1. I need the calculated FRET efficiency for the pair Ile66 and Ile46, taking r as the beta carbon distance and R₀ as 22 Å, to the nearest 0.05.
2. If one computes the Cα centroid of the stretch 62-101 and of the stretch 24-58, what distance in Å separates the two points?
3. Please list, by residue number, every one of the trypsin sites (Lys or Arg not before Pro) in the stretch 30-101 that is coil in DSSP and has at most 14 other beta-carbon atoms within 10 Å.
4. What is the spin-label model distance, in nm, from Met83 to Arg59 if the labels are put 7 Å beyond Cα along the C-beta direction?
5. If Lys and Arg each add +1 and Asp and Glu each add -1, what is the summed charge of the other residues whose beta carbon sits under 13 Å from the beta carbon of Ala31?
Amino acid sequence: MGMDSVVNSSGDVAPYGGKSAFSQTEHNIVAGYLITAGVISLASNIIVLLMFVKFRELRTATNFIIINLAFTDIGVAGIGYPMSAASDIHGNWKFGYTGCQ
């Protein structure tokens, strides 16, 4: 184990002394991307769902897969992206083991 490594709570060696290998600027760039992608994803998937609400003829058995994907993507964009963006802004994961699961 080198001078730049520490042991984390799981017993694994944490490289870079438990600090991020990336600069805060790099973290901010990733956070900006995640926020932008999340907003676009939320908006576009809400539009998809509204189309299914407005046009009954779109509600076919096959298109229910698209509806399911839209709901799932809204979950990722509404929960996953913000958690990752917030952690990037802070430079490390802020939601502990439970938040990671």
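Please treat every number below as a calculation from the coordinates, not as lab data. Predicted model, so just to flag it, every value in this text is computed and none were measured. Cβ placement follows ideal geometry from the backbone for every residue including glycine, while neighbour counts extend to all protein chains displayed.
1. Numbers: r = 14 Å, r/R0 = 0.62.
It comes to 0.95.
2. Taking the Cα centre of each part, the stretch 62-101 and the stretch 24-58 sit 11 Å apart.
3. Numbers: sites: Lys54, Arg56, Arg59, Lys94; in loops: Arg59, Lys94.
For trypsin sites (Lys or Arg not before Pro) across the stretch 30-101 that sit outside H, G, I, E and B with at most 14 neighbouring Cβ atoms in 10 Å, the list reads Arg59, Lys94.
4. Placing both labels 7 Å along Cα→Cβ, they lie 3.2 nm apart.
5. Values: positive: Lys94; negative: Glu26, Asp88.
Net charge in that neighbourhood comes out at -1.
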